[in-house]
Amino acid sequence: MSKVFIKKLVTREIEELGVKAWPIWEKEISRFDWTYSDREQCYIIEGEIIVETEDCDYKIVPGDFVTFESGLSCVWDIKKPVKKYYNFS
């Protein structure tokens, strides 16, 4: 069962979620292991990431709205510097 969900949102959906009021996280080109103890939703502003999971790899690019479910263990392979809005729940 997938624990990574990627979709494109229209402007109205971004506004309804209050995405632009969320904190911003930035990271340089790098590769690291990560485990999610909480569910994260994020909106990619800049960059390119390959998130490697035991099921498959996900390419994430600007404009993607991504949900990472709690309990997911993965590898973040940042190909281009990342800037994203994020929210843990």
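Points worth noting:
Per-residue answers, yes or no, for (1) more than 12 Å from the chain's Cα centre (by Cα); (2) loosely packed, with under 12 Cβ neighbours inside 10 Å:
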| site | (1), (2) |
| --- | --- |
| Phe32 | yes, yes |
| Gln41 | no, no |
| Ile44 | no, no |
| Gly47 | no, no |
| Thr53 | yes, no |
| Ile60 | no, no |
| Gly71 | yes, yes |
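- Contact annotation: residue pairs with Cβ atoms under 8 Å, 6 or more positions apart or on different chains, pairing a residue in region 20-46 that is assigned to a strand (DSSP E or B) and of a type in the set (Gly, Ala, Ser) with a partner that is modelled with pLDDT of 95 or more and surrounded by 14 or more Cβ atoms within 10 Å (Cβ to Cβ), are Ser30/Trp76; Ser30/Ile78.
- Where Lys83 falls short, out of the listed (1) crowded, with 16+ Cβ neighbours inside 10 Å; (2) out of contact with any Leu (no Cβ under 6 Å at 6 or more places or on another chain): (1)
- Residues of region 2-19 that are more than 17 Å from Lys84 (Cβ to Cβ) and touching a residue at least 12 places away in the same chain (Cβ under 8 Å): Ser2, Lys3.
- Of the listed requirements (1) of a type outside the set (Ser, Thr, Tyr); (2) at pLDDT 95 or above; (3) surrounded by 14 or more Cβ atoms within 10 Å (Cβ to Cβ), Glu16 misses just one: (3).
The values are calculated or read from the model by the stated rules, or taken from the named source; none is laboratory data. Just so it is clear, the structure is predicted and the values come from calculations on it, not from any experiment. Using ideal geometry, Cβ is built from the backbone for each residue, glycine included, and neighbour counts are taken over all protein chains shown.
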